[in-house]
1. Between F187 and V93, what is the spin-label point distance in nm, taking each point 7 Å from the Cα along the Cα→C-beta axis?
2. Out of all Cα-Cα pairs in the stretch 152-219, roughly what percent, to the nearest whole number, are more than 21 Å apart?
3. Using the alpha-carbon centroid of each, what span in Å lies between the stretch 61-88 and the stretch 107-133?
4. For S184, S22, what's the largest-to-smallest order of accessible area, 1.4 Å probe?
5. Using a 1.4 Å probe and counting only protein heavy atoms, arrange H182, H80 so the residue with the most accessible area comes first.
6. Heavy-atom accessible area of D203 with all protein chains present, probe 1.4 Å, nearest 10 Å²?
7. Could you work out how far apart the two model spin labels at E70 and S22 are, taking each label as a point 7 Å from the Cα in the direction of the beta carbon, and quote it in nm?
8. Which trypsin sites (Lys or Arg not before Pro) from the stretch 55-104 combine a DSSP loop assignment with at most 11 other Cβ atoms within 10 Å?
Amino acid sequence: MFCPNCGKQIKDNDNFCRYCGSDLRVNVEDFSANNNQEYVVHHYQPEKMEYNHQPNNDEPEYKLPDENSEELVLCDIKKHWMALFWPVVLTPVFFIYFWFIFLNTHSFFSWVIVALLLILIVYPIMRYNSDKIVITTKYAHIKIGVLNPEEVDIPLSRLGMLEVSQTTVGRILDYGTVSFAHNSERFEYGYIEAPEELQYIIDNPARFVDEVLNEEEPV
């Protein structure tokens with residue numbers, strides 16, 4: 001034990017320091033009191049926050065036009081230029097083959113190749129001009145095919161049956177495919193331009209109709 005006043009070593013049971021005379025009883029009591037002091041540990045617990053999703057009452061409710069109202073055309077879904085990719089690529093191949101090979105051989109095999117090239121060139125061009133998706137205030141009029149086209153009229157209230165998908169290349173070049181089931185058959189309408197715009201219509205047709213009609217109102 002050491003004296004708290006002079007720092008010299010003393011006996012543990014001494015009441016007074018033999019060197020400086022300091023009263024050791026007071027220091028021992030203080031030391032014991034400090035050692036017996038109770039420490040209260042306060043654990044901080046943040047209040048639990050309750051997140052209640054409140055609906056946005058400011059968003060207006062959109063309603064589809066009445067069935068007896070006039071049917072107006074709102075938009076025509078365009079086809080992407082990628083629908084003509086193969087005709088553009090194969091057209092020079094066709095002319096090169098026709099001029100340098102077909103005219104010199106006239107074999108059955110060369111006729112088959114010419115016919116296949118023509119089909120691969122002409123058919124996509126015909127589909128590009130014949131396929132239609134027209135959105136009106138009542139329906140989505142869809143036409144798919146050339147010789148015997150399939151025409152489907154989907155009410156806007158059932159527009160959710162349309163599914164928009166994109167491949168990796170489609171996301172890069174901004175085109176996609178629309179697929180839907182009708183009369184137990186599955187149809188695909190490919191190479192639509194800006195598929196996110198059609199998806200916007202599908203998500204809320206009534207909102208889209210309201211926005212387009214308000215834009216067309218004269219100021």
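1. Placing both labels 7 Å beyond Cα along the Cβ direction yields 3.0 nm.
2. Tail of the P(r) past 21 Å holds 35 percent of the pairs.
3. If you average the Cα positions of each part, the centres end up 27 Å apart.
4. S184, S22
5. Descending accessible area places them as H182, H80.
6. Roughly 100 Å² of D203 is accessible to a 1.4 Å probe.
7. The modelled label-to-label distance comes out at 10.6 nm.
8. In loop regions of the stretch 55-104 (DSSP not H, G, I, E or B), the sparsely surrounded trypsin sites (Lys or Arg not before Pro) are K63.
The values are calculated or read from the model by the stated rules, or taken from the named source; none is laboratory data. None of these values were measured; they are calculated from a predicted model. Every residue, glycine as well, gets a Cβ built from its backbone with ideal geometry; the counts of neighbours run over all protein chains shown. When the accessible area is computed, the model is the full protein with side chains, heavy atoms only, and any ligands, DNA or RNA have been set aside. Shrake-Rupley method; radii C 1.70, N 1.55, O 1.52, S 1.80 Å.
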